[in-house]
Amino acid sequence: MGIAACELSLHVIRPTLIYLGRHSPAAEALLLGAAASQSGLGAALDDKYGHGLYRIAALRHQQLWDQHLARDPDLASQIRGLASQHAFLAAPHLELTVNLRYATAIAWMLIEADHSELPAADDLLGMAQVWRRVFKPHGRPRDFIAAWQRCIGTFSQVA
């Protein structure tokens, strides 16, 4: 069993997006759907495909830092501020598994780096298409929608 969708949204995703200055209902819904699709909202946090709620591979994590965040030192510092001070230096990819706010910030930065246009918060197919581009290129939109329905249910449960 993973984290309750409403609690993940309220206590992790929303505060992280607000901290980054990127909050919107669509951003919140997309990250919640990605977490549902990638890990069943935390039911499985680590496997050969990646780390944490969003199953981010170590190489993608490193590339994001090298190719995107390194170009914006203020943003990089802000995101680094979410990571554990000493643990990040010893095992940066482990932060994706144990630090939900850090993982959420990195997941959002992957979406931003993709320059994806955000669909409306109630557009499951649109969110599925962004999820596929950013998180699972060989995924099927119906898998995203099924994970949403299984883990999240209706939109009113999220708000």
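Every number in this text was worked out from the coordinates using simple rules, so none of it is lab data. Note that the structure is predicted; figures quoted are calculated from it, not measured. Neighbour counts run over all protein chains shown; Cβ positions are idealised from the backbone, glycine included.
Summary table below
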item: For the chain, with +1 on Lys and Arg beta carbons and -1 on Asp and Glu, the positive-most of SER84, GLY2, ALA27 along the dipole; result: GLY2
item: Given charges at beta-carbon only (K, R positive; D, E negative), |dipole| of the chain in Debye; result: 300 debye
item: Part-to-part distance (alpha-carbon centres) for the stretch 4-45 and the stretch 80-123, which is given in Å; result: 11 Å
item: Qualifying chymotrypsin sites (Phe, Trp or Tyr not before Pro) for the stretch 1-87 [loop in DSSP, other Cβ within 10 Å: at most 13]; result: TYR49
item: Degrees, to the nearest 10: 124-134 long Cα axis against longest axis of the chain; result: 30 degrees
item: Listed peptides 76-83, 98-105, 145-152, 112-119 by packing density, highest first (mean Cβ within 10 Å); result: 98-105, 145-152, 76-83, 112-119
item: Amide proton proximity set for ILE3, modelled H, under 5 Å, gap of 5+; result: GLY42, ALA43
item: For the stretch 5-154, projected area of the alpha-carbon convex hull averaged over all directions, nm²; result: 8.0 nm²
item: Derived scalar couplings ³J(HN,Hα) [the stretch 84-95; Karplus, 6.51 cos²θ - 1.76 cosθ + 1.60; whole Hz; x for Gly, Pro]; result: 5, 4, 9, 4, 4, 5, 7, 8, x, 6, 5, 4
